[in-house]
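Quick notes on the structure that follows.
What follows is calculated from the coordinates using simple rules that are stated; it is not laboratory data. Predicted model, so just to flag it, every value in this text is computed and none were measured. Glycine also receives a Cβ, built like all others from the backbone with ideal geometry; neighbour counts cover every protein chain displayed.
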Amino acid sequence: MASTINHTFIILAYQNSPYLPECIQSLVNQTTPSSIRLSTSTPSDYITALSQKYNIPLLINPIPHGIAADWSFAYQNCETEYLTLAHQDDLYLPKYTELYLAAATKYKKNLIIFSDYNELYHNKIRDNNLLLLFKRLLLNLFFLFKQNLSSAGYKKKILSFGNPVCCPSIMYNVKNIGPFTFNSFYTMNLDWDAALRLSGMQGDFIYVKHKLITRRIHEGSESTNALTNRTRHEEDRRIFERLWPAWFAGWLSLCYKLAYKSNG
């Protein structure tokens, strides 16, 4: 099938996540099949066993230097036109690949394609909180009557008041983007930094207006840990200072710091 040639899920596996099997199963259950790979810099019997169980090739990063290095390694090992860096704790709804490839066919100059999402918190689906509502407001303002953004100015503007793009939902057009590495200066906002850098390239940002990702919120996640140790707040401030005067950047990062409490 064309989809197995055009698109690959590379699952970013780290240590021994109990949620990894559910993530794999959600990719296997896609209505339109894709190639699936596991990629890790922390190899273990657990990850190897899952690779063998699902007959998924395992990529091992021989030079582990943090999250950005893991993402870059996975990106560089993609052999198809399209790539999704799947997060091991999250779930991909069955029509993710089908609807994304349909959008990719419609807008051939795409750089990234992304969608709406909901959250899984304490084993219950959560469709709304303060952050989700604000992200949807930004997206709906810029994509009100269309599905794509081509202007470099508008692509940058949508990222200037925070990052409304759901990180694990992103499908990268490896062919149009070309060689790319993620910035090791960030551990949480490397996707935001990447989107800002891509916004200056010729090509479209595509928004698929469906909830096609379920993000799992739990105490062991990197996002939760970053909120606890202030990493997220510091990285937000750094990016806002690239876009705004220091006083306004500080105010925006403080607003986000307060809004993150809606995660719990």
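Computed from the coordinates I sent, semi-axes √(5λ) of the Cα gyration tensor in Å equals one of [x] 30, 19, 18; [y] 42, 21, 15; [z] 27, 22, 18. Tell me the label. This structure yields the entry labelled [z]. The value of relative contact order for region 2-263, using C-alpha pairs under 8 Å at least six residues apart, is 23 percent.
Of the residues 149, 99, 86, the one whose Cα sits farthest towards the positive end of the charge dipole of region 71-153 is 149 (charges of +1 on Lys and Arg Cβ, -1 on Asp and Glu Cβ, taken about the Cα centre). About its Cα centre, region 2-263 has a charge dipole of approximately 860 debye under the convention of +1 per Lys or Arg Cβ and -1 per Asp or Glu Cβ, with nothing else charged. In the chain, helices alone account for a calculated mean residue ellipticity at 222 nm of -12000 deg cm²/dmol, with every DSSP H run of four or more residues adding -39,500 (n - 2.57). If the segment from residue 248 to residue 102 were pulled out straight at 0.36 nm per residue, it would be longer than the present Cα-Cα gap by 48.6 nm. Positive end of the dipole of region 21-148 (Cβ unit charges, origin at the Cα centre): among 26, 67, 43, the Cα lying farthest that way belongs to 26. Between residue 65 and residue 125, residue separation times 0.36 nm minus the direct Cα-Cα distance comes to 18.2 nm. For residue 108, the aspartates and glutamates whose Cα comes closer than 18 Å to its Cα, not counting residues fewer than 8 places off in the same chain, are 81, 98, 204. Counting only Cβ charges, +1 for Lys and Arg and -1 for Asp and Glu, the dipole size of region 129-242 around its Cα centre is about 380 debye.
Distance between the modelled labels on residue 209 and residue 140, one decimal in nanometres: 1.0 nm (7 Å Cα→Cβ projection). Cross-link partners for residue 257 among the aspartates and glutamates, with Cα-Cα distance under 12 Å and sequence neighbours closer than 8 places in the same chain left out: 234, 235, 236. Counting only other residues whose beta carbon sits under 14 Å from that of residue 130, what net charge do I get with K and R as +1, D and E as -1? Net charge around residue 130: +3.
Length available on full extension from residue 257 to residue 157: 0.36 nm per residue minus the Cα-Cα distance, which gives 33.9 nm. Residues considered: 189, 128, 163. Largest GNM mean-square fluctuation over the chain, using C-alpha springs under 10 Å, is found at 128. Among beta bridges from DSSP that stay inside the chain, the antiparallel ones total about 30%.
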